[in-house]
Amino acid sequence: MKPKAMTESAVRGTIATETLGRPVSLTERTVATARGALAGRTGGLRTALAFAGPAVIASIAYMDPGNFATNIQAGAKYGYGLLWVVLLANVIAMLFQGLSAKLGIVTGRNLAELCRDHFPRSVVWPMWAVSEVAAMATDLAEFLGGAIGLSLLLHLPLFAGMVVTAIVTYGLLLCEQFGFRPLELIIGSIVGIICVCYVVEMFIAPVDWSSALFHTVTPQLADAEALLLAVGIIGATVMPHAIYLHSGLTQARVPVQDDNGRRTVLRFSNREVVIALSVAGLVNMAMVIMASGAFHAGHPEVAEIQTAYHTLTPLLGAAAAGVFLVSLIASGISSSTVGTMAGQMIMQGFVGFRIPIWLRRLVTMVPAFVVVALGANATSALVISQVVLSLALPLPMISLIIFTSRTDIMGAFANSTLTRAAAVVATAAVLGLNVVLIVQTLM
């Protein structure tokens, strides 16, 4: 059975690259390369790059300041003990980002749109509300992280750092008017900066590699606070807005006419997901390893980004602290940009309503300014926001499993029994951690 949206998908793909009145998102050369690959005429690195972009954009959500906050706390207090949680979260992320990308490629529609089309209104509206809260929690972490980094680097008040972050992220969002390719290249460059920063940190911080490897594959939770951090790590790694966003980034990227073309695009998409999220996972592990090497032995109480920065200078030198700040700023600015894109897509998909990007940016900044105005601890707010994300995460996960398993929607691309089982187990694991966290909090 063929997907219902096949014809629509082909039309959308053509529109995405050829419509008059909108900036051309892909160059003619890139489109020609992609079409050559679909026809079986081209291959190699250039062809792979023609399809690359969506997973790179999504991967920045897995290296945002929320990850910095939870990973610093995890490494400082528990050493390498929670590395296995980072690995588990990254594997779950790969699975669900791959499914999200597949949904967009096969149907030509994104996850929020399909929820609106197939679920009753009594379900759609609460899902939209929860998704919006999750999007705001996401932006709280990302926006605050960038502001903290700028305020520390430039010796500015936190409020001034927030203003600068707002201006820079809005400037990046304006790049969308030139098509999605320029923004993809900018985000990809920022991902590269973050990776280089943590490669440098690994050469500066002392690392017990055998112990790190052991704890990467050995599950353990030392106490109740370790459980809270584990849920926070999962919430910071497997992001609700990234699951929604990825399906939108792939839904109309390259014109596809038939199932063979879809299989080709899916093959390139899956490779990109594995590569991009492997890089993101290694960066997260490097964060924990750096925090463990720098703080665990003598400063396990380090729990705030600001404290980590000031402690790094006497321990590992100004270079290590400076590299840490550069990576934090790059992470905050880029992930805040991507978070605003995702929030716009979620709103438009669920309720068919679009607001100007400046207004969307303003609305998502409000919680961060409220946190600062109330004098709340910024890093604690970051960690709590990640727990909120983890609580909101099952909704898009369950919806994605439902849609990608239906043959009337996916046709021949519906999930296999093995894929469906793995997705159900992963969702159950997240739900289980959330239930334990709620019970623990109530008691």
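Values in this text are rule-based calculations from the coordinates and carry no lab data. As the structure is a prediction and not an experimental result, all values here were calculated from the model. FYI the Cβ positions are ideal-geometry reconstructions off the backbone, even for glycines, and counts take in every protein chain you see.
Full extension of the chain segment joining ARG354 with GLN177 gains 62.2 nm, where the gain is 0.36 nm per residue of separation less the Cα-Cα distance.
How about region 270-320: which GluC sites (Glu not before Pro) there lie in a loop by DSSP and see at most 16 other Cβ atoms within 10 Å?
Those that pass, being in a loop and sparsely packed, are GLU301.
Computed from the C-beta positions of VAL370 and HIS155, the FRET efficiency with R₀ = 30 Å rounds to 0.80.
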